[in-house]
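Okay, so here's the structure we're looking at.
FYI, it's all coordinate maths here, none of it is from the lab. Treat the numbers as computed from the prediction; the structure is a model and nothing was measured. Cβ atoms come from the backbone with ideal geometry, glycine included; neighbour counts cover every protein chain shown.
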Amino acid sequence: MSNRESSRHSGHPHWLLELVTGGALEVRTGEMDWLRLEHGGGILYRPGTYHEERVRAGVCTSQWMFFDMAGEDLTESLPPGRSAWIVSDPDGLALQYVEAMRALPRITFADQLAAHGHLCQLMSSILSASATGATLLIREQTALTASVVDCANRFMRRHLADTCRVEDVAAHVGLSPSGLHHAYRRLSGRSPMAVLREMRVEAAKAMLLRGSMTLDQIAVETGFADAFHLSRTFKKQEGCSPRAFLRLASG
């Protein structure tokens, strides 16, 4: 778009993300006056948002895309009451995903799968962005932490029978213990050690139902110090003892 051109868009039924790659773009919506966006910036419009764009000098280039995927998640996760959000993408992470999608020919099924993967990564970076007022800050470390919960959970499941400390999980995902705790709680609403205890109790329940192991053996296999430790944690989480659970399950 050059300084001789401007555009107006209204009522499109999809989300629209536009990221500036060169020059400067000015945009406004019904709730925001003219804002200047340069390389490293962009704007995300909610479906149905009226907006105008203009270039005051030179030529502006941008990458843009319409999408529907994760629309409900975006609506629930982004700060409410807005029709558009300014996107700050200083690491070029969102731009990288958009450019990768647009570069794929989508001729083969593999191309389509690859494009879908880039779209999932883009949505993850937006959903994990830090929100300050009307601005969404997308940083590489922010998007990477979206995989922290899954990575930590996989590690904890593999080490249910071991002495698995928060330091061990943190080292596996490449964070400090404090960094893991804050990232995990921010993304899941819970602490990793609380989830580990639940995993151990769930594993103990499955072993109880098989009926081939003593409580002491189950405690060893699920990472509890002994049968007493298992019973105490089990009752706190399930509201009954392991033996009472087994009686109830047996009808």
In whole Hz, with x marking every Gly and Pro, tabulate ³J(HN,Hα) for region 128-139 from phi via Karplus 6.51 cos²θ - 1.76 cosθ + 1.60, θ = phi - 60°.
-> 8, 5, 7, 9, 10, x, 8, 10, 9, 9, 9, 10
Total charge dipole magnitude, region 144-251, about the Cα centre, Cβ charges on Lys, Arg, Asp, Glu only, Debye to nearest 20 = 340
Measuring from the longest principal axis of the C-alpha atoms of the chain, the long axis of helix 109-127 (C-alpha) lies at a number of degrees, nearest 10, equal to 90
Only Cα pairs under 8 Å and at least 6 apart count here; give the relative contact order of the chain as a rounded whole percent.
-> 13
Taking Cα atoms only, helix 148-158 is inclined relative to the longest principal axis of the chain by an angle, in degrees rounded to 10, of 20
Extreme residue, positive dipole direction of the chain, given options 108, 178, 163 (C-beta unit charges) = 163
Give the shape of region 148-200 as rounded, prolate or oblate, defined through the alpha-carbon gyration tensor: a ≥ b ≥ c are the square roots of its eigenvalues, a/c under 1.5 means rounded, and otherwise the shape is prolate if a/b is larger than b/c and oblate if not.
-> oblate
How much space per residue, in cubic angstrom, does the convex hull of the C-alpha atoms of region 6-138 take up?
-> 107
The chain: most fluctuating residue of 181, 39, 229 per GNM, C-alpha cutoff 10 Å = 229
Find how much the distance from residue 91 to residue 14 grows on full extension, using 0.36 nm per residue of separation minus their present alpha carbon separation; answer in nm with one decimal.
-> 25.2 nm
Quick calc: nm separation of the 7 Å Cα→Cβ label points for residue 209 and residue 36 -> 6.4
Sorting 132, 191, 49 by the position of each Cα along the dipole of region 44-203 (Lys, Arg +1; Asp, Glu -1; all at Cβ), the one nearest the positive end of that ordering is 191
Could you calculate the contour length gain from residue 147 to residue 102, that is, 0.36 nm times the residue separation minus the distance between their Cα atoms, to one decimal place in nm?
-> 13.8 nm
Unit charges on C-beta of K, R, D, E only; dipole of the chain, Debye | 840
Quick one: which residues, 5+ away or cross-chain, put their amide H under 5 Å from the amide H of residue 41? H built at 1.01 Å from N.
-> 20, 89
Starting from the Cα gyration tensor of the chain, multiply each eigenvalue by 5, take the square root, and state the resulting semi-axes largest first in whole Å.
-> 50, 17, 17
What list of ³J(HN,Hα) values in whole Hz, one per residue of region 56-63 in order, does the Karplus curve 6.51 cos²θ - 1.76 cosθ + 1.60 (θ = phi - 60°) give from phi, with Gly and Pro shown as x?
-> 7, 8, x, 10, 10, 10, 8, 10
Each label point is 7 Å from the Cα along the Cα-to-Cβ direction; what then is the distance between the points at residue 228 and residue 193, in nm?
-> 2.1
Taking R0 as 35 Å, what's the FRET efficiency between residue 154 and residue 243 from their Cβ-Cβ distance, rounded to 0.05?
-> 0.65
For region 144-251, what is the largest minus smallest coordinate of the Cα atoms on each principal axis, given in angstrom and ordered from greatest to least?
-> 46, 23, 20
Please determine, in degrees from 0 to 90 and to the nearest 10, the orientation of helix 93-103 with respect to the longest principal axis defined by the Cα atoms of the chain, where the helix direction is its Cα long axis.
-> 70
Just need log10 I(q)/I(0) for region 200-251 at q = 0.20 Å⁻¹, Debye formula, equal scatterers on the alpha-carbon atoms, no solvent, rounded to two decimals.
-> -0.57
Tell me, rounded to the nearest percent, the portion of alpha carbon pairs in region 25-70 spaced more than 15 Å apart.
-> 47
